[in-house]
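Enquirer: For reference, the structure I am asking about is given below.
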Amino acid sequence: MSRVRLIATDLDGTLLAPSGQISPADADAVLAASEAGVVIVVATGRPLRWLDVLAPIADADPLVVASNGAVVYDLHHDTVVTSHALDRALIGHLADELRAAVPGLLFALEEGRQFATEDAWAHHLPDASRSSDQEEAVTRRGPWTRVLDECGDVVKFLALHPDSDPDELVAAASAVLDGRAEVTHSVTAGRRALLEISARGISKAATIAELATEHGIRAAEVAAFGDMPNDLAMLEYAGHPFVMANGHPALLERFPVIGSNAEGGVGTQIRRLLSVGMMGA
């Protein structure tokens, strides 16, 4: 079995504890892997404005893949290295078709540091624990046509439905998009369904693969940690995939399962790999 030379880890539900922070034990494990020569990649659906949680592992100089692969961010220099934006005209066409297929959808546009929503979005926020953060981040709010007309570079197009099952909504949206864009989600059943739509060919896996190639690292030498459908391609790509015990059922059926994020599963698995000499440059 190949040694691990790159770790790619999701944040929410994975490296982050239920408190929303990286535990000291997990941070120590990540820093130990970095000291052993392992490249650390944080791969998250989060936008740039929600990356302050990385402070405990900043000394590992992690590469940050944000917005489901659409953005590569230099944490130390606070700069965007690469960005893959959605075409505005395409967003408009997709929005019309999605709303026709699934009445009741609400739309928002993620620009990394700015967030624009339809007026009604605030009444159906997908995550109550982040509602204040989302409200503070909203820089434009209004009718959908105006929100779209005034947008900048959109790295993620979001569609929220207050009543649909997340998995069923993704399936319906996939049929509508028909390969013109990528769609996934990062919520569990029983939560408000939130589609996350990126430019065609953009995913955590695609961007991680590019970074690995730049470092001369093969997929077989990558360990990946995740918990939700937006981590699926990343886990399929990695030679050492690990799913959190609190993960989505579709992932739990396919990949090796480790401890939950409440149990520090990522840190425990990193220390296990370090102890048997499977991790390092």
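The values are calculated or read from the model by the stated rules, or taken from the named source; none is laboratory data. Just so it is clear, the structure is predicted and the values come from calculations on it, not from any experiment. Positions of Cβ are generated from backbone atoms using ideal geometry, with glycine treated the same way; all protein chains shown enter the neighbour counts. When the accessible area is computed, the model is the full protein with side chains, heavy atoms only, and any ligands, DNA or RNA have been set aside. Shrake-Rupley method; radii C 1.70, N 1.55, O 1.52, S 1.80 Å.
Enquirer: Looking at Ser164 and the list (1) in a strand (DSSP E or B); (2) polar (S, T, N, Q); (3) more than 20 Å from Leu11 (Cβ to Cβ), which single condition is not satisfied?
Expert: So the condition that Ser164 fails would be (1).
Enquirer: OK, next. Step by step: first the residues of the range 207-228, then only those that are within 21 Å of the chain's Cα centre (by Cα) and part of a loop (DSSP other than H, G, I, E, B), then the one that is modelled with the highest pLDDT. Which residue is that?
Expert: Per the stated criteria, the residue is Asp227.
Enquirer: Continuing with this model, one more query. Across the range 256-272, what is the total count of residues that are assigned to a helix (DSSP H, G or I), touching a residue at least 12 places away in the same chain (Cβ under 8 Å) and farther than 13 Å from Gly13 by Cβ?
Expert: The number of residues fulfilling the criteria is 5.
Enquirer: To continue, here is another question. Quick one: count up the residues across the range 181-223 that are more than 22 Å from Gly104 (Cβ to Cβ) and either open to solvent by 30 Å² or more (accessible area, probe 1.4 Å) or not hydroxyl-bearing (Ser, Thr, Tyr) (or both).
Expert: Count: 25.
Enquirer: Filter the range 83-113 down to residues that are at pLDDT 90 or above and in contact with a helix residue (DSSP H, G or I) (Cβ under 8 Å, 6 or more places away or on another chain), then give me how many there are.
Expert: Total meeting the criteria: 16.
Enquirer: Another question, then. So, in the range 21-37, how many residues would count as being open to solvent by 40 Å² or more (accessible area, probe 1.4 Å), farther than 9 Å from Pro56 by Cα and of a type in the set (Asp, Glu)?
Expert: Adding up the residues that qualify gives 1.
Enquirer: With respect to the numbered conditions (1) within 16 Å of the chain's Cα centre (by Cα); (2) free of Cβ contacts under 8 Å to residues at least 24 places away in the same chain; (3) farther than 26 Å from Gly201 by Cβ, which one is the sole condition not fulfilled by Met244?
Expert: With respect to (1) within 16 Å of the chain's Cα centre (by Cα); (2) free of Cβ contacts under 8 Å to residues at least 24 places away in the same chain; (3) farther than 26 Å from Gly201 by Cβ, Met244 is out only on (2).
Enquirer: Here's something else I'd like to know. Somewhere in the range 7-24, is a residue part of a helix (DSSP H, G or I) and either over 27 Å from Leu274 (Cα atoms) or hydrophobic (A, V, I, L, M, F, W, C) (or both)?
Expert: Looking through the range 7-24, at least one residue is part of a helix (DSSP H, G or I) and either over 27 Å from Leu274 (Cα atoms) or hydrophobic (A, V, I, L, M, F, W, C) (or both).
Enquirer: Which of the residues belonging to the range 60-92 are out of contact with any His (no Cβ under 7 Å at 6 or more places or on another chain), exposed (fewer than 14 other Cβ atoms within 10 Å of the Cβ) and outside any strand (DSSP E or B)?
Expert: His76, His77, Asp78, Ala89
Enquirer: Here are Asp231, Asp227: which of them is acidic (Asp, Glu) and closer than 20 Å to Ala25 by Cβ?
Expert: Asp227
Enquirer: Another question, then. Tell me which residues, restricted to the range 38-59, are touching a Ser or Thr at 6+ places or on another chain (Cβ under 8 Å) and open to solvent by 40 Å² or more (accessible area, probe 1.4 Å).
Expert: Passing the criteria: only Asp59.
Enquirer: May I ask you to say which residue of Gly280, Gly226 is of a type outside the set (S, T, N, Q), open to solvent by less than 10 Å² (accessible area, probe 1.4 Å), within 19 Å of Thr184 (Cβ to Cβ) and in contact (Cβ under 8 Å) with a residue 24 or more places away in the chain?
Expert: Answer to the check: Gly226.
Enquirer: While we're looking at this one, here's another question. Kindly evaluate Ala137 against the criterion of being crowded, with 16+ Cβ neighbours inside 10 Å, at pLDDT below 95 and closer than 16 Å to Gly45 by Cα.
Expert: Answer is yes for this residue.
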